[in-house]
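In what follows, a single structure is set out as structure tokens and then discussed.
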Amino acid sequence: MWTLLSRSMTFRVRKRLIKHFTLPPSVDNNVDPKVMFEFKKHLRNHRLPFKDGATCLQVECYLCVNKSAIDAYINKRTGLFLCPNCDVKKNLTDVLPLYETKCRGDAKYKDVNYETKFTTLQPISQSICDNLGIKGLKSTDLDYLGAQYESTLNILSFPIRNVANKIVGEKILYLSDKTEETIENFNYSGLLICSSAHKTTRVVLVSKLMDFMVLAMQRLSNTSIACLPYGLKTLPQECLPCLEKFKEVVFWFDFDTPNWDAAKNFSKKLEDKRCFFIRPTDTEPAPFEAHRKRLNLQHILNKATPMCHKSITTFSALKNDILSELQNIEKVNGVKWKRYPMLNKILKGHRKGELTILTGPTGSGKTTFMSEYSLDLALQGVSTLWGSFEIRNCRLAATLLRQFVGYSLEDKLNEFEYWTSAFERYPLYFMTFHGQQPLKLVMEAVEHAQYVHDISHVIIDNLQFMMGTSMTLKSDKFWEQDAIISAFRSFATKNNVHVTLVMHPRKERAEEDLTASSVFGTAKATQEADNVLIIQDKRLTSIRGKKYLQIVKNRYSGDLGIMPLEFDKESLSYSLSNKKKKANS
């Protein structure tokens, strides 16, 4: 295994690099259900007012000096305590003593005081509305949304508000190419919300500003419109209090990104019983496209389907899902690799909800290949969680950074700040475990990361480091491995997350090719897996031996095949060497 950082690089720089990538500390840890239960019991027994909402417990903030302060919100899953009035973000366990003793804290009212990054914002003229291409849009509609125009950069700025209606950031629409960007205060997160009435019971969630403007101008009855701050990438738990008051949440997304099914993951955060969605088809597209085609938006909205079905027993219940997949077959195939076009031909893409197993001989480069494999996806917005038990996070992060840059930085430390600043924008997270770890502890971390950070790809390298920690049946390692695989298979299916397990093969003779049956353990591993990838390394057994990746199982399309692996040491890449050869030829 190669490393980016030489011995000459100081420990301080190493520490700084890994600081950018590891998961945040304990402020987001899942709360013990018993603690939440006992807390609610305490509130009832002492007649302290509270509301038990879909995702949050709404209580009076005992940290605020002002007794009439806006209610605080406690996430029932993570125990995150948020008060929009006194600017507090803590764990429930940190504030419990105040409620147990009925003593108030000394936190004072704080104004969020978000300051826009643009100094020449001005009201929006009708000509700008006309240039947006939304028929019927008037400048008064955008004034109603609080939008402003900046002429130098040719952008529209929309205010993002928290549950207390304070501005905590802004969402930017670049008029030249319709791209979007979100700027928010640290520790804050909110939504763009438009309500046609003071009290509404239904909210429509969209991922794009163009859809938001189209629906907002409709003034739909008894319906609020909300735009997610980060599109389909993530729904921060700090946003959830903004949606507590709604009885129905309708997801109306489109297929501009293969992550449209983030609605399924978001619905788990928002309590899926109150969630509905509009499956995009040609006759029911996203709001902006529907408006362009002069379709009846209210009619489409009325056909929203519940997220949670008790049972599906007829073909007609599945018909719209099948139609949507057929009309968007390339998107259904999954995210395409840019560095490995051969994988696209065989696997068709990287899809959520699947289980992939990667195996290969010791020293064949499984971790190096998997790091570039995951980097390719993360650069396209696939939020990834790494569980590296064999290699420390600093070394793994250094490898990823080197593959991202394309060359070693050890002699170019003046470029370190530039490249790390660019790299840390991508959704890569690392579990802080190292060495042997019990399944329960790992699964708790994975489930937490999926809930808080909307992880869509989990990598476990490697599975053998989770074995030998069970208190029962210690001698039966195969039973223990089967239990671990079952747990990850269930997690992948239930949470619509792709899980990749790196596993060692059985001891085979060096001259023999590895097969699906070479995976260590029982046949359960390959039976449960959707994809089985094997790195075959023949360089040590043959003069002209090559290294290649073999796909021996592909449940989605059934296509099998091989992909040559030629290594470029400078970039630690299996794809860049091929590009160099083409450039030189």
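The values are calculated or read from the model by the stated rules, or taken from the named source; none is laboratory data. Predicted model only: the values in this text are computed from it and were never measured. When we count neighbours, we look across all protein chains shown, and the Cβ atoms used for this are built from the backbone with ideal geometry, even at glycine. All accessible areas refer to the heavy atoms of the entire protein, side chains included, with ligands and DNA or RNA removed. Shrake-Rupley method; radii C 1.70, N 1.55, O 1.52, S 1.80 Å.
Ordered by solvent-accessible area of protein heavy atoms (1.4 Å probe), largest first, the residues W419, W386, W479 come out as W479, W419, W386. Of H434, H453, the order by accessible heavy-atom surface (1.4 Å probe, DNA, RNA and ligands excluded), from most exposed downward, is H434, H453.
For the range 125-185, the alpha-carbon radius of gyration amounts to 1.15 times the rule-of-thumb value 2.2 N^0.38 Å expected for a compact globular protein.
First measure r as the distance between the Cβ atoms of V35 and L98, then evaluate 1/(1 + (r/R0)^6) with R0 = 22 Å and state the FRET efficiency to the nearest 0.05. Can you show the working numbers first?
On the way: r = 15 Å, r/R0 = 0.67.
The calculated FRET efficiency here is 0.90.
Just the number please: accessible area per residue for the range 352-420, 1.4 Å probe, all protein chains included, in Å².
Working: 1990 Å² over 69 residues.
I get 29 Å² per residue for this part.
Distance between the pseudo-spin-label points of I183 and F567 (7 Å out from Cα toward the beta carbon): 4.5 nm. What's the local net charge at T119, with K and R +1, D and E -1, over the other residues with C-beta under 15 Å away? Result for the neighbourhood of T119: -2.
Past 19 Å, Cα to Cα, is the threshold; run K208/K245; K366/K477; K366/K538; K546/K569 against it and keep the listed order. As for pairs spanning more than 19 Å Cα to Cα, those are K208/K245; K366/K477. Between C308 and Y418, the contour length at 0.36 nm per residue exceeds the alpha carbon distance by 35.0 nm. With a cut-off of 17 Å on the backbone N, the residues of the range 516-557 near the modelled label site 7 Å out from F478 along Cα-Cβ are 516-528.
Computed with every protein chain present, the accessible area of S542 is close to 50 Å² [probe 1.4 Å].
May I ask you to derive the FRET efficiency for H42 and L439 from their Cβ-Cβ distance with R0 = 30 Å, giving the value to the nearest 0.05?
On the way: r = 33 Å, r/R0 = 1.10.
Step by step, r from the Cβ atoms, then E = 0.35.
Rounded to the nearest 10 square angstrom, E244 shows an accessible area of 30 square angstrom against a 1.4 Å probe. Could you tell me which of the pairs K90/K440; K166/K199; K51/K247 are separated by over 22 angstrom between their Cα atoms in the structure shown? Beyond 22 Å: K90/K440.
Counting only protein heavy atoms and a probe of 1.4 Å, the accessible surface of the range 174-215 is 52% carbon and sulfur.
For S383, neighbours were defined as the other residues whose beta-carbon sits under 13 Å from its Cβ, and their charges (Lys and Arg +1, Asp and Glu -1) total +2. Restricting the count to DSSP beta bridges whose residues both fall in the range 167-245, what percent are antiparallel, rounded to a multiple of 5? Within the range 167-245, antiparallel bridges account for around 65 percent of the total. Here the range 158-186 is scanned for amide nitrogen atoms under 18 Å from the site 7 Å beyond the Cα of D143 along Cα-to-Cβ, giving 158-159.
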